[in-house]
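One structure is given below, encoded as structure tokens.
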Amino acid sequence: MPSPAAPLKNNIASDIAAQALWIRRRSFQMVYEAQQGHPGGDFSATDILATLYFGVMRYDPKNPTDPKRDRFVMSKGHCTGAFYSVLARAGYFPEADLTTYMEPLSKLNGHPNRNYLPGVETNTGPLGHGLPVALGIAIAGQIDNADFRTFVLTGDGELQEGSNWEAALTGGHRKLENLTLIIDRNRLQQGARTEETASLDPLDDKWRAFGWHVEVVDGHDHAQLLKVLSASPKGRGKPLCVIANTFKGKGVSFMHDNVAWHHGVPTKEQYEQAMRELV
Amino acid sequence: MSAAAPSKAGLFDCRDSFAATIEALAESDSRIVTVVSDSVGSSKLGGFKKKFPERMVNVGIAEQTLVAVGAGLANGGKVPFVSAASCFITGRALEQVKADIAYSNVNVKLIGQSSGVAYGELGPTHHSIEDLAWLRLFNNLKLIVPADPWQTAEAIKAAAAYDGPVFVRVSRMAVPALDRPAGATFEIGKAETLVEGSDATIIANGTMVHRAVAAAKTLAAEGISARVVNMATVNPLDEAVIAAAAETGAIITVEEHSVRGGLGGAVAEVVISTNPVPMRILGFPGFVPTGSAAWLFDNFGLNETGIADAVRQTIARKR
Ligand SMILES: Cc1ncc(C[n+]2csc(CCOP(=O)(O)OP(=O)(O)O)c2C)c(N)n1
Ligand SMILES: [Mg+2]
């Protein structure tokens, strides 16, 4: 990606689609080879990640701590298949490193570690940490009147953690327009549907009530994602919450909207079937 | 004893014993409820949920509320077994454990599942190798680390029978059933001596006990007589057994936990104040690198060889 000031040349949905396909295939290969991971949530988040990294965010993988970079916090840290794939694809580390996923001494731990990998802003894995940390990053930007934006991706089940709502209060209170929360609204958590566990709806009204500007999009539609995420936050006077309606396991028929694939791992036959579908 | 079917080659996942025991107890005690945080499957409580759907409270992914709701249920006359991954029920909800459970001294049972490094490759956020150090600070919270399926079942029964706060640290790592004399019993605060010995004492708990027994066998073949104590209760400690251990002149502790502040630290506090002898604390040094649980055990000497080496080295330091 170009340095922050340069114009984006690849912010077109068709290119994002190609990147997303690559990420789905590569992350599923990682999960298959490691026989571990969270492929359902990898797939629900893939289009969001591809849109952010290949259409929205300004960053330079060769200068990963550039103070001017846009920040991305992967709060749903269990979905490292997709996250590591997008980071490698964006140029933060060699794609060949993806083969070490979860191996002894690998930098590609099951949950992301900023001390191992460039491009990881904060270590996640316990749910409900990303938004409060992103809030702090955004406040630092607000204090400095800096230009960078901060994006954070959470799960939806994850929103049951109260820490999110504490951060929501302060984000709204401080009118942090440089902060964008994206919710991967796949309606499934680890063991069941969110609405059968501790229901979240009406989710948009909740965020509005906390002082956030809310956009609801199809989280697999790159054009919709691109539109709401790349719109300038200047003058909005509120943090942005994008509710991205998605499906767990999106892209593979037998995984689609199926809670068993939260941390299910494929057999050889399932892997091959998935690869035939992901084209 | 609640039987749990062996998984492979006579090895057990102690969560199965927990689940079978709590289901059996709930049949006869209608006050028993379970509380989970999207942790039904990881706690093996699917069967309980089926049998007693109205006696399971799932608060969603919200561990602070999970623990606090336990305190509230106890106030309402229930006997709650609050169950989630050990890393989250302790670390995430530590102040609730302190203020709502321990300091308030309520009749709540906390079950820390998949403790230690069971989550291997998922890394230090999901490892629970700090839990004993954190919880040991709450003086009235009983801490039990069972070593095998029988002891897990007994610990759950003892926790239910005791009126007050208890934490039971359950493992999902495959462990064998330990050999015990017929008529063995479990009591909170009482250690069991599994192997007699006079040259040194290995004090272990949880998944490390069977490894300590294996190490003692290796050492016996070289003429070293190592006692093996299963210190399943970390709070309160069995101080009489520790005093006897000090008489062997060397103590080696082994735990699936950090070397800071867990079983080793607890034993050392007693030893240093009574009869100081050379000690060695085996465990993890802190945050560990990426790796499977098996790889981590081997890499940090938490196996038969590593324990036997530590015993030889500690005996060499005897005065
Ligand atoms: C604090 C905490 N509690 C529990 C877990 C275990 N856990 C990992 S993923 C998950 C479900 C997450 O559901 P959601 O946020 O909807 O994520 P997605 O559907 O996108 O995978 C749970 C309970 C955790 N990682 N952190
Ligand atoms: Mg979800």
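Structure data summary
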quantity: Count of residues meeting criterion [of a type outside the set (K, R) and more than 14 Å from every other protein chain (Cβ to nearest Cβ)] in the stretch A:187-216; calculated: 12
quantity: Strands (runs of 3 or more DSSP E) wholly inside the stretch B:54-126 that include at least 3 residues being within 16 Å of ligand 2 (Cβ to nearest atom); calculated: none
quantity: Checking A:L203 against (1) within 16 Å of ligand 2 (Cβ to nearest atom); (2) surrounded by fewer than 18 Cβ atoms within 10 Å (Cβ to Cβ); (3) free of Cβ contacts under 8 Å to residues at least 60 places away in the same chain, the condition it does not meet; calculated: (2)
quantity: Residue pairs meeting the criteria (Cβ under 7 Å; at least 6 apart or on separate chains; first within 14 Å of another protein chain (Cβ to nearest Cβ) and farther than 17 Å from A:T122 by Cβ, in the stretch A:151-178; second within 13 Å of ligand 2 (Cβ to nearest atom) and in a helix (DSSP H, G or I)); calculated: A:D156/A:T194; A:G157/A:T194
quantity: Residues that are without any contact (Cβ under 8 Å) to a residue 40 or more places away in the chain and either touching a strand residue (DSSP E or B) at 6+ places or on another chain (Cβ under 7 Å) or within 12 Å of another protein chain (Cβ to nearest Cβ) (or both), drawn from the stretch B:283-297; calculated: B:G286, B:P289
quantity: Some residue of the stretch A:74-96 being part of a strand (DSSP E or B) and either closer than 24 Å to A:D15 by Cβ or within 16 Å of ligand 2 (Cβ to nearest atom) (or both); calculated: yes
quantity: Residue that is farthest from the other protein chains (Cβ to nearest Cβ), among those in the stretch B:38-53 that are part of a helix (DSSP H, G or I) and surrounded by fewer than 21 Cβ atoms within 10 Å (Cβ to Cβ); calculated: B:K51
quantity: Residues of the stretch B:54-70 satisfying the condition of being away from chain A (no Cβ under 12 Å) and surrounded by 22 or more Cβ atoms within 10 Å (Cβ to Cβ); calculated: B:V67, B:G70
quantity: Selection status of B:V35, more than 13 Å from ligand 1 (Cβ to nearest atom), in the same structural domain as B:N140 (by TED's automatic domain parsing), outside any helix (DSSP H, G or I) and surrounded by 21 or more Cβ atoms within 10 Å (Cβ to Cβ); calculated: yes
quantity: Test set (1) away from ligand 1 (no atom under 14 Å from the Cβ); (2) touching a residue at least 40 places away in the same chain (Cβ under 8 Å); (3) away from chain B (no Cβ under 14 Å); (4) not polar (S, T, N, Q) - A:G219 fails condition number; calculated: (1)
quantity: Residue within the stretch A:65-75 that is within 14 Å of another protein chain (Cβ to nearest Cβ) and over 17 Å from A:Y101 (Cβ atoms) present; calculated: yes
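The values are calculated or read from the model by the stated rules, or taken from the named source; none is laboratory data. No experiment lies behind these values; they were computed from the predicted model shown. Quick reminder, even Gly has a Cβ in these numbers, built from the backbone with ideal geometry, and neighbours come from all protein chains shown.
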